[in-house]
Every structure is written in structure tokens, then in C-alpha cells.
1. For segment B:32-45, indicate whether the set of residues that are of a type outside the set (Asp, Glu) and away from ligand 1 (no atom under 14 Å from the Cβ) is non-empty.
2. Which residues, taken from segment B:149-181, are within 16 Å of ligand 2 (Cβ to nearest atom) and not aliphatic (A, V, I, L, M)?
3. Pairs please, first residue from segment B:33-44 and within 14 Å of chain A (Cβ to nearest Cβ), second anywhere and assigned to a loop (DSSP other than H, G, I, E, B) and more than 8 Å from ligand 2 (Cβ to nearest atom), Cβ atoms under 6 Å, 6+ apart in sequence or on different chains.
4. Mind checking which residues of segment A:230-252 are crowded, with 24+ Cβ neighbours inside 10 Å and in contact with an Asp or Glu (Cβ under 9 Å, 6 or more places away or on another chain)?
5. Which residues, counting only those in segment B:158-189, are in a strand (DSSP E or B), away from every other protein chain (no Cβ under 14 Å) and within 16 Å of ligand 1 (Cβ to nearest atom)?
6. Can you pull out the residues in segment A:178-205 that are of a type in the set (Ser, Thr, Tyr) and exposed (fewer than 13 other Cβ atoms within 10 Å of the Cβ)?
7. Within segment B:19-74, restricting attention to residues that are among the charged types (D, E, K, R) and within 16 Å of ligand 2 (Cβ to nearest atom), which residue is most open to solvent (accessible area, probe 1.4 Å)?
Amino acid sequence: MRLRSLGGSARLRRALGLALLLTAATFLLDTPASADQGPGAPVRLGAVEELLQYLLIGIARGAVFSLIALGYTMVYGIIELINFAHGDLYMLGAFMALSVVACCGGESLSGGAAAGAIALAFLVSTAFTAGVNFGVERLAYRPLRNAPPLAPLLTAIGMSFIFQNLGLFWGGLPIAGMGSQAAAPKSFPDLLPTVNLVQALGIPSGLSFTTKDLFVIATAAPLMVGLTLFVRFTRLGKAMRATAQNRMAAQVVGINADRVIAATFLIGGGLAGAGAVINGLYNNTIVFDMGYNAGLMAFTAAVLGGIGSIPGAMLGGFFIGIVSSFSDWQLATQWTPAVVFGLLILVLIFRPQGLLGRETGEKA
Amino acid sequence: MLALEGVVSGYGPSPVLHGLSLTVAEGEIVTILGSNGAGKTTTLRTIQGLLRPRAGEIRLAGQPIQGLATDQVVRLGIAHCPEARLIFPRMTVRENLEMGAYVRTDREGIRQDLERVLETFPRLRERVGQRGGTLSGGEQQMLAIGRSLMARPKLLLLDEPSLGLAPMLVTQIFGIIREINRAGTSVLLVEQNARMALKVASRGYVLETGRIVLEGPAADLAQNEQVKKAYLGM
Ligand SMILES: Nc1ncnc2c1ncn2[C@@H]1O[C@H](COP(=O)(O)OP(=O)(O)O)[C@@H](O)[C@H]1O
Ligand SMILES: [Mg+2]
């Protein structure tokens with residue numbers, strides 16, 4: 001009797017969700033492609049080309065979401081903490097990147113000097129976010145290692161506020177790149193060449209795939225491949241997997257769990273910094289509260305892929321990138337967070353373990 | 001080689017072990033008997049540094065080790081096959097075994113030991129590429145034991161290795177414990193299967209609510225009326 005009624009309510013929930021999904025789908029299909037042309041589509045495109053165009057935009061965007069999502073998923077995988085401050089750490093990385101680039105000469109840079117500034121921004125920003133994440137773990141989360149899970153979660157939310165206020169403070173500093181209004185969006189120097197490779201290669205199509213898009217893929221992909229190989233084959237990588245799967249067992253074989261957890265924060269933080277540099281150079285604007293939206297996208301990506309799963313976070317990032325790009329196209333940009341939030345809710349209802357995640361309860 | 005003296009240890013405010021003393025000599029198999037909740041697992045965890053004792057001393061070859069972190073204790077040669085088969089469920093059998101040698105750096109030796117473990121447990125060899133979590137309970141127990149051997153320990157702490165295994169497997173596991181010991185590893189064996197434990201061990205301790213209430217040569221304990229009644233069901 002009891003089982004049946006439970007099954008019934010699950011079915012009901014499923015049906016409701018499905019109805020919701022269908023409504024959303026018809027909404028998507030019915031909305032006429034608006035006059036609002038996409039950013040990378042100056043020429044009128046055929047329907048298929050337009051789809052491809054937004055797919056490309058989604059992939060470029062998704063690469064950055066993936067890099068941020070990795071930080072969520074790695075930290076969750078190892079200490080089961082949803083690191084609410086992670087999106088804001090990414091924002092701090094963006095401010096650091098802007099400061100570095102602006103100090104080097106900003107918009108006036110070109111050629112080798114621009115390349116040098118970009119390389120320096122990657123180095124400094126990545127080291128900075130890695131270091132901040134490492135330090136926060138050491139000072140704020142480690143003392144709470146054996147506390148009830150709510151304590152580190154609330155601490156992470158507090159960290160998020162602290163980071164945002166740091167960003168606001170940073171934005172008001174009288175230094176290169178920041179301008180007078182602390183809370184105003186800052187323009188990030190457009191240092192990347194924008195050559196449309198589709199045209200350059202003489203392909204007869206109105207599609208746009210620029211050197212900027214290529215840059216995003218060419219920087220994000222090696223990081224993801226590198227991380228995958230690292231976790232799979234290196235001693236520290238294996239220790240990370242072992243600690244995530246069973247911390248007590250890891251300690252028993254002689255793994256220093258504290259050190260492994262610290263390394264996880266270091267790497268996850270670094271990836272957010274790299275993502276921040278890529279995003280700055282690609283979108284050319286940053287603001288102190290950008291971490292909220294990016295965090296929502298990336299967290300959804302991590303959940304969608306299966307929180308705790310590294311390939312899942314990568315896949316989820318690209319998926320959310322594409323979903324958000326399609327939503328920008330077919331609905332409007334202001335709808336996109338709602339669409340992504342809706343997706344997050346649907347995933348949590350229908351497939352809480354995500355696409356590549358393990359069934360819950362296997363953690364023995 | 002191992003000596004505990006007046007060890008007080010536990011989890012919350014009130015300790016589980018109330019001044020525990022015991023020794024394991026070089027090359028010996030020593031067993032700790034005791035009913036559920038007596039503090040056997042707590043004892044092994046404290047020896048390996050997973051729990052820090054509040055008082056007392058733990059010495060390995062004369063050197064105090066009670067303040068050391070677990071990874072340092074493992075490096076000194078104490079391996080632990082924990083209670084409840086704590087394996088890595090999403091790593092392959094091979095990876096699980098290799099993790100047992102985490103603190104070692106001698107690649108050639110590790111390779112040889114892996115071969116030896118797979119020889120000892122043919123069931124593991126058949127499943128070497130399979131994920132640990134997909135193994136049966138008995139196979140996971142073998143994996144946990146095999147993993148602890150991969151450390152090439154001087155002292156092996158075994159926490160109820162026979163729990164939940166079929167009788168045939170239990171006999172096999174105890175045979176393997178004897179072999180490990182003959183090859184030069186000292187063993188501290190926690191068991192509820194007192195009959196088997198007292199057969200392989202040279203000495204034993206009986207633990208009750210965190211205190212040693214009886215100790216002596218295994219043969220004597222097997223004849224002891226108290227032990228017979230409480231642990232051998234006679
Ligand atoms: N993780 C833990 N936290 C708090 N108390 C524990 C924990 N593990 C065991 N205990 C308590 O410590 C006592 C001894 O447990 P344990 O050493 O596991 O006994 P045994 O292994 O002899 O069955 C028990 O009263 C048990 O409830
Ligand atoms: Mg026990």
C-alpha cells in the first residue's frame with residue numbers, strides 16, 4: 001500500500017516535470033527568431049548555419065563553464081562541500097587578470113607584448129586563485145573538517161560575500177584598469193586578434209569562427225586533457241581519487257588526506273583563474289558580481305554532469321554553454337538564468353546523480 | 001616490536017580504551033578477542049594513528065609513535081586491513097592493490113608483490129581490471145587483505161578478516177595469515193572467530209569494554225573456562 005502510493009507520487013512528479021519540459025520546448029520552438037541578432041552573426045544566416053553559429057558560441061562559453069565547474073566538482077568529490085564561494089573566486093581571478101593586463105599597458109598592447117601580457121595574466125591569475133583557494137581551505141574549512149556539514153557550507157557562503165566585497169573594493173582602487181566607479185563593469189582590453197577563420201579559409205558561408213573562439217578552445221582543452229591525465233596517472237592524482245572514494249581507506253594506505261584535500265583546492269582554484277583570464281579576453285567585460293551568474297552556470301554544469309565526476313563537469317559545462325547560447329538566441333538573454341535554473345531543478349528531480357555521476361549510496 | 005602502555009583513546013569526551021597495554025614480539029601472531037563494542041577496532045585505529053591517544057605510549061621497535069600521523073606510521077611499516085572492507089569502489093582491482101603500495105617507491109618490488117598477491121588470490125587475478133565496488137563481499141575482503149600486503153609491512157593489523165565469509169574462505173584466509181607470518185611479518189589479529197584465531201596465534205588478549213581482562217598463550221586461553229564460555233560457545 002505504502003510503496004504504491006510512493007510510486008504514484010513519483011509518477012506524478014515525473015508527469016508534472018514532463019509537462020513543464022514540454023511547455024518549455026514549445027515555448028522555445030514557437031518564439032520566432034527575433035530581430036535581436038546574435039553577437040557573432042553580422043551576416044544573415046540560413047537556419048542551419050544559425051544553429052551552428054549558436055552552437056559555436058555555446059561551445060566557447062561552455063569551455064569557461066567547464067573550467068569553473070571542475071573546481072566545484074573536485075571539491076565536492078573530495079570533501080562533499082558545495083563551495084559557494086567558487087564563482088566569486090573566479091571573479092577575483094578576473095580582477096587579477098585585468099590588473100595585470102592593464103598594468104602591462106592594456107588596450108595599447110599588440111603583437112608580442114600583448115602575448116606576453118596574456119601569458120603573464122595566466123600565470124599570475126592562476127597562481128592567485130589557486131593560492132586564495134588553498135589559503136581559505138587551510139584557514140576556514142580545515143578547522144571544520146569534523147564539524148556538521150552545515151558549518152563549512154555556511155562558511156563557504158560567508159566566503160562568497162567576502163570575495164564579492166573584495167571585488168568591489170578592488171574595483172574602486174585607483175589603479176590601472178579599474179576606473180572611478182567600484183561597482184561598474186570594467187572593460188577588459190581586447191588583446192586577441194579577431195580574424196574570422198571561416199572567411200580566411202575561403203569557406204563560402206556567413207558563419208563566424210574567429211581566432212578568439214579558437215583561443216578559448218586552444219587554452220581550455222589542454223587544461224582539461226592535462227587534468228584528466230593527471231588524475232588518472234600521477235601519484236597525487238590517484239591519491240585524490242582514492243581520498244574522494246573513501247577517505248578512511250586512503251589514510252589507511254598512507255595517504256595524507258589533508259595534503260590531498262589542499263592540493264584539490266589548489267588545482268580547482270587555479271582552473272577558475274585560468275577560466276577568468278579566458279573569459280576576460282573573450283567577453284572583454286568584468287564586474288564584481290559576475291561570479292554569481294558564472295557560479296550558477298558552472299554549478300548546474302557540475303550537477304548535470306554528476307557532481308564529483310571530472311569528465312561530467314567538462315561535459316556539463318559544454319552542455320550548459322550550448323543551452324545558454326540557445327536560450328539567448330531563441331528566448332532572450334534575461335531568460336537564460338531562469339532556463340538554466342529550471343534545468344538544474346529538472347536534473348535534481350529526475351536524475352540527481354547527473355549524466356556521468358554514480359548512483360547515490362555507492363560511497364562505501 | 002610493538003608495545004602499547006596505558007593507552008587511553010576514543011572518539012568523544014569519554015574514552016573507549018581505558019589504559020590498554022599489550023605487546024607484539026617480532027615474528028609473532030597475536031590475537032585480540034572481544035565482543036562487539038569492546039574496543040578492538042579502536043585499538044587498531046589508535047596504533048595506526050587514525051586516532052590520537054589521550055594518554056599512554058605506543059612504541060615501535062622502542063621508538064614512540066603515538067604522536068605520528070597515519071601516513072608516517074604506514075611508512076614505518078605498519079599496514080592495516082580495516083574492518084568492513086574499506087576498498088576504493090571505483091578503482092580497478094589492480095589500482096586498489098597498487099594503492100596499498102602508496103608509500104613505497106621501489107617499482108620493481110611493487111611489481112613483484114603485485115604478482116605474489118595475485119598468485120595468493122587467483123580470484124583477484126581473474127578480476128584485475130574490474131572495479132572494486134563490483135566484487136562480492138568475500139572478494140572485497142581478499143582485496144583489502146591483498147592491499148595491506150602490498151605495503152610489505154613489518155607489522156600487519158587485521159580487523160576481523162573472516163567476518164561474513166563462507167567457512168571455506170575462512171579456512172583459506174587463516175592459511176594465508178599463517179603464510180604471511182612465516183614470510184616474516186608480525187601480525188596483530190582482531191577476531192570474533194576465537195576458535196580459528198587461537199589456532200593461528202601464539203598469544204592472545206581478551207578485551208572487555210576497553211580493558212584487557214585476560215592474556216596469555218593461545219593454547220592456555222583456548223582451555224580457559226571464561227573464554228570457552230564467552231567466545232568459544234562451550
Ligand atoms: N566513529 C566512532 N565515533 C564514536 N564512537 C565510536 C566510533 N566507532 C566506535 N565507537 C564506539 O567505541 C566503542 C568501541 O568500538 P569498536 O572499537 O569499534 O569495538 P569493536 O571493534 O571491538 O567491536 C563502541 O562503544 C562504539 O560505539
Ligand atoms: Mg570492530
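1. Scanning segment B:32-45, I find no residue that is of a type outside the set (Asp, Glu) and away from ligand 1 (no atom under 14 Å from the Cβ), so the answer is no.
2. Matches in segment B:149-181: B:ASP159, B:GLU160, B:PRO161, B:SER162, B:GLY164.
3. So the pair list comes out as B:THR42/B:VAL16.
4. The answer is A:ALA242, A:GLN251.
5. B:LEU188, B:LEU189
6. Listed by number, the residues that qualify are A:SER180, A:THR194.
7. B:ARG45
Conditions tested, residue by residue: (1) modelled with pLDDT of 95 or more; (2) not aromatic (Phe, Trp, Tyr).
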position	(1), (2)
B:ARG75	yes, yes
B:LEU86	no, yes
B:GLU98	yes, yes
B:GLU108	yes, yes
B:LEU114	yes, yes
B:PHE121	no, no
B:GLN130	yes, yes
B:SER136	no, yes
B:ILE145	no, yes
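The values are calculated or read from the model by the stated rules, or taken from the named source; none is laboratory data. Remember, it's a predicted structure, so these values are computed and weren't measured experimentally. We place every Cβ from the backbone using ideal geometry, glycine too, and count neighbours over all the protein chains shown. All accessible areas refer to the heavy atoms of the entire protein, side chains included, with ligands and DNA or RNA removed. Shrake-Rupley method; radii C 1.70, N 1.55, O 1.52, S 1.80 Å.
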